[in-house]
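Dropping a structure here in structure tokens format, bear with me for questions.
The values are calculated or read from the model by the stated rules, or taken from the named source; none is laboratory data. Every value quoted in this text rests on a predicted model; they were computed, and no experiment measured them. In this analysis, Cβ positions are derived from the backbone assuming ideal geometry, glycine residues included, and neighbour counts consider all displayed protein chains. Surface accessibility is based on the protein's heavy atoms, side chains included, excluding ligands, DNA and RNA. Shrake-Rupley method; radii C 1.70, N 1.55, O 1.52, S 1.80 Å.
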Amino acid sequence: QGAISVGGASPELPDSRVLLVAGRLARLDPAEWQPFVAADAAAPVLPLKIDLTVDEVDVAGWLLHDVNMQIQSAGLAREIKVNGPSIAGDIQLQDSGGRLQRVVMNLNKLKLQPPEPDQSREPLELSPADMPDLQVAVRNLVYDRAALGSFEMLAEKQTNDSLVIKRLSLSSSALKLNLTGDWKQIDGKQWSTVDMVISDGDMEKLLEMFGY
């Protein structure tokens, strides 16, 4: 067993045979740590357990504040519990071959603020081949000041490295939306197709939610 403490606290050895990382961080970008955590999952020395409170979690420019993260590794899977003013719920990450293959999110709430323009940040370049399978359920989704209600998405990567959105739905008092589609790369160019149905909507409520 082992212990690593961050943020100034003294490390305390855990009761079980794990490597415990605990404490407080000012900032965390999960993408910067993904290659190291995935490599450790493929050939672990000790099961990894993380209990961190982070002032600012940066997910591709989207900022989440005052987040407590409890992470438990189990082979190639990681179980994550998150709790804070802007996010709460459970996340499961599945690795294979040193890459993230599947993300399952069941969140009670997710409050997103639009990213601030940052000239120093390299543009995020993604292709369908970079994406994992996604299964996402959010009971209460808020974007900026707009309460968008419940959100669900199921997307699966195909053998030709395209991503198929099998289901995406959004449901609130102002909008009911269902969407399917795909995202593929052909000869170096990216193509997307979308089939969207809005079955119910209140334009006045939508404009009010977005501050108009």
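Of the numbered conditions (1) part of a strand (DSSP E or B); (2) modelled with pLDDT under 90, VAL164 fails exactly one; give the number of that condition.
Against the list (1) part of a strand (DSSP E or B); (2) modelled with pLDDT under 90, VAL164 comes up short only on (2).
Filter segment 17-33 for residues that are in a loop (DSSP other than H, G, I, E, B) and either modelled with pLDDT of 85 or more or surrounded by 14 or more Cβ atoms within 10 Å (Cβ to Cβ) (or both) and give the result.
Narrowing segment 17-33 to residues in a loop (DSSP other than H, G, I, E, B): 17-18, 29.
Result: VAL18, ASP29.
Also: Name every residue in segment 142-161 that is assigned to a strand (DSSP E or B) and without any contact (Cβ under 8 Å) to a residue 12 or more places away in the chain, in order of residue number. Don't jump to the end; show me each part of the working.
Residues of segment 142-161 assigned to a strand (DSSP E or B): 142-143, 146-157.
Passing the criteria: none in range.
Out of everything in segment 94-133 that is under 12 Å from the mean Cα position of the chain (by Cα) and open to solvent by less than 30 Å² (accessible area, probe 1.4 Å), what residue ends up being modelled with the lowest pLDDT?
Filtering first and then ranking leaves PRO132.
Output the residues belonging to segment 47-70 that are open to solvent by 30 Å² or more (accessible area, probe 1.4 Å) and on the phi > 0 side of the Ramachandran plot.
Of everything in segment 47-70, those that are open to solvent by 30 Å² or more (accessible area, probe 1.4 Å) and on the phi > 0 side of the Ramachandran plot turn out to be ALA60, ASP66.
Read through the list (1) at pLDDT 80 or above; (2) open to solvent by less than 60 Å² (accessible area, probe 1.4 Å); (3) not in a loop (DSSP other than H, G, I, E, B), then give the number of the only condition that PRO14 fails.
Here PRO14 clears every test but (3).
Kindly establish whether ILE4 is loosely packed, with under 15 Cβ neighbours inside 10 Å, at pLDDT 85 or above and not small (Gly, Ala, Ser). Can you show your working first?
Details: loosely packed, with under 15 Cβ neighbours inside 10 Å: yes; at pLDDT 85 or above: yes; not small (Gly, Ala, Ser): yes.
Against the criterion (loosely packed, with under 15 Cβ neighbours inside 10 Å, at pLDDT 85 or above and not small (Gly, Ala, Ser)), ILE4 qualifies.
Taking ASP200 as the residue in question, decide whether it is open to solvent by 50 Å² or more (accessible area, probe 1.4 Å), part of a loop (DSSP other than H, G, I, E, B), at pLDDT below 85 and of a type outside the set (Ser, Thr, Tyr). Give the steps one after another, and end with the answer.
Working: open to solvent by 50 Å² or more (accessible area, probe 1.4 Å): yes; part of a loop (DSSP other than H, G, I, E, B): no; at pLDDT below 85: yes; of a type outside the set (Ser, Thr, Tyr): yes.
So ASP200 fails the test.
Go over the candidates SER173, SER192, SER162 one by one and state the one that is among the small types (Gly, Ala, Ser) and either surrounded by 14 or more Cβ atoms within 10 Å (Cβ to Cβ) or closer than 24 Å to VAL82 by Cα (or both).
On the way: SER173 fails: either surrounded by 14 or more Cβ atoms within 10 Å (Cβ to Cβ) or closer than 24 Å to VAL82 by Cα (or both); SER192 fails: either surrounded by 14 or more Cβ atoms within 10 Å (Cβ to Cβ) or closer than 24 Å to VAL82 by Cα (or both).
Every option except SER162 fails the conditions.
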